[in-house]
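Data block below; observations after.
The values are calculated or read from the model by the stated rules, or taken from the named source; none is laboratory data. Given the structure is predicted, the values throughout are model-derived calculations rather than measurements. Quick reminder, even Gly has a Cβ in these numbers, built from the backbone with ideal geometry, and neighbours come from all protein chains shown. The area values use the complete protein model at the heavy-atom level, side chains included, leaving out ligands, DNA and RNA. Shrake-Rupley method; radii C 1.70, N 1.55, O 1.52, S 1.80 Å.
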Amino acid sequence: MTTVKSLEDLKRVREEALEKRKAKVESGQVQVIVAMGTCGIAAGARETMKAILDEIEKDNLSGIVVTQTGCMGMCEWEPIAQVIVGDQPKVTYGKVTPDVARKIMKDHVIGGKIVEDHVIPA
Amino acid sequence: MKELTLHLLDIAENSVAANSKNITIYVEEDTAKDRLRMSVQDDGVGMNADTIAKVVDPFYTTRTTRKVGLGIPLLKEAAEACNGFLTIQSEPGRGTRIDVEFQHSHIDRMPLGDLAGTFLSLLIAYPQIHWTFIYRANGQDFEYDDAPIKKELDGMSLTEPDILSFLRQMIETGIKEIQPAIN
């Protein structure tokens, strides 16, 4: 790793990102949480996470916080992901394959429409 | 689990759950010695000798949401099936270090899998932790220490698309550059 050069590059990328963000209208914070316990990981949660990050990159989605959490005690529903848009209640999705994750990003995170088919029934 | 990096991710999640501030992940492939080594070292809450003895038991877990903890037992079994081992060193209040080794060429050894995706997933999901990743392929090192990167970002989120893209490429290229040393 050529550290010095990379950090210089990063400085430029950061400044560009700041500029872009200024031009955008903030639509309220969005939080995406992926369950990453042993059960989640074994069920493919890392690929779910990668799909979410890929959507952020491809669709240039600013202001999204992506975090991980452990086992939620619903191992049969793994991979599980939760979405919180602004001050709306948390939505918990089950069987979130990478394709489902991409749909959630497009429909729910961007479009504001909950992907009902994959919501874990309470 | 289909990949060693999925086990690595699982073990690293334990370190996160142990309230660690600094986590170092080391992965080494050494084809001359025919070994594959991985370690996860943290400065979290640690465990006493009694707990260390229990964590290799699949019917022990600290969590309350379910009754089994399979992470460490699964990895230990996988390593032992490949002329390897898993060791745990830990001290309450000081942290934990888990070392695992495999015979690199063993027919039953799982593939290493997506190292870059695993690192990226951890450093994005837990930005409050200081992450160090070291990948060594037959003596060549790729090291990712996120302290100077976070300093440069000065509070900007790692999930900003441009930053995310930068980090992903940095890690992917860094690993790809030295991985041919293995094959």
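Label sites at A:LYS113 and A:GLN29, each approximated as a point 7 angstrom past Cα along Cα to Cβ, lie 2.8 nm apart.
In this entry, the protein assembly as shown is assigned a mean projected area of 16.2 nm², taken as a quarter of its C-alpha convex hull surface. Largest GNM mean-square fluctuation across B:TYR144, B:TYR126, B:TYR135, computed for chain B with C-alpha springs under 10 Å, falls on B:TYR126.
Kirkwood analysis of the Cα pair distances in chain A returns a hydrodynamic radius of 15.5 Å.
For segment B:8-46, trypsin sites (Lys or Arg not before Pro) are listed when DSSP marks them as loop and at most 13 other Cβ atoms sit within 10 Å of their Cβ; the list is B:LYS21, B:LYS33. For chain B, the share of DSSP beta bridges that are antiparallel, to the nearest 5, is 80%. Remark: spin-label model distance B:ASN48-B:ASP154 equals 4.8 nm, labels positioned 7 Å along the Cα→Cβ axis. Here segment A:27-118 carries DSSP beta bridges of which approximately 55% are antiparallel, counting only pairs with both residues inside.
Mean per-residue shielding of peptide B:151-160 is 6, counting Cβ atoms of other chains within 10 Å of each Cβ. Summing charges over neighbours of B:ARG97, with a neighbour being any other residue whose Cβ is under 11 Å away from its Cβ, gives -3 when K and R count +1 and D and E count -1. Comparing B:GLY46, B:GLY117, B:GLY155 in a Gaussian network model of chain B, where Cα atoms under 10 Å apart are tied by springs, the biggest mean-square fluctuation is seen for B:GLY155. For chain A, the longest principal axis of the Cα atoms and the long axis of helix A:3-23 meet at an angle of about 70 degrees. The calculated FRET efficiency for B:ASP34 paired with A:LEU7, based on their beta-carbon distance and R0 = 30 Å, is about 0.25.
Neighbouring Cβ atoms from other chains, within 10 Å of the Cβ of residues in B:169-175, number 2 on average. Whole-Hz Karplus values for segment B:139-156 come out as x, 9, 10, 10, 10, 10, 10, 7, 4, x, 5, 5, 5, 5, 6, 6, x, 6 Hz, taken residue by residue from phi with 6.51 cos²θ - 1.76 cosθ + 1.60 and θ = phi - 60°; glycine and proline positions read x. Report, in degrees rounded to the nearest 10, the 0 to 90 angle that the Cα long axis of helix A:45-58 makes with the longest principal axis of chain A. The two axes meet at around 40 degrees. Counting Cβ atoms of other protein chains within 10 Å of each residue's Cβ and taking the mean over peptide A:60-67 gives 5.
Remark on B:ARG35: its backbone amide H falls under 5 Å from those of B:ASP30, B:HIS104, a criterion applied only to residues 5 or more positions apart or on other chains, H modelled at 1.01 Å from N.
The GNM of chain A, with springs linking C-alpha atoms under 10 angstrom apart, assigns the highest mean-square fluctuation among A:ARG14, A:ARG102, A:ARG46 to A:ARG14. Around the Cα centre of segment A:27-118, unit charges on the Cβ atoms of Lys, Arg, Asp and Glu (plus for the first two, minus for the last two) sum to a dipole of about 60 debye.
Can you pull the percent of Cα pairs in segment B:57-171 with separation above 16 Å? Cα-Cα pairs in segment B:57-171 separated by more than 16 Å: 72 percent.
The distance linking segment B:117-180 with segment B:22-55 is 20 Å (Cα centroid to Cα centroid, whole angstrom).
In the full protein context, segment A:23-122 carries 45 Å² of accessible surface per residue, based on a 1.4 Å probe and ignoring ligands, DNA and RNA. Taken over chain B, lysine pairs spaced eight or more positions apart, or on distinct chains, with alpha carbons under 23 Å apart number 9. I'd like the chymotrypsin sites (Phe, Trp or Tyr not before Pro) in segment B:15-122 restricted to DSSP loop residues with at most 10 other Cβ atoms within 10 Å, sorted by number. Sites meeting the loop and neighbour criteria: B:PHE59. As a calculated quantity, the FRET efficiency between B:ASP108 and A:LYS106 at R0 = 41 Å, using C-beta atoms, amounts to about 0.50.
How big a patch of accessible area, both sides summed and in Å² to the nearest 100, lies buried between B and A at a 1.4 Å probe? Interface area, both chains combined: 3400 Å², rounded to the nearest 100.
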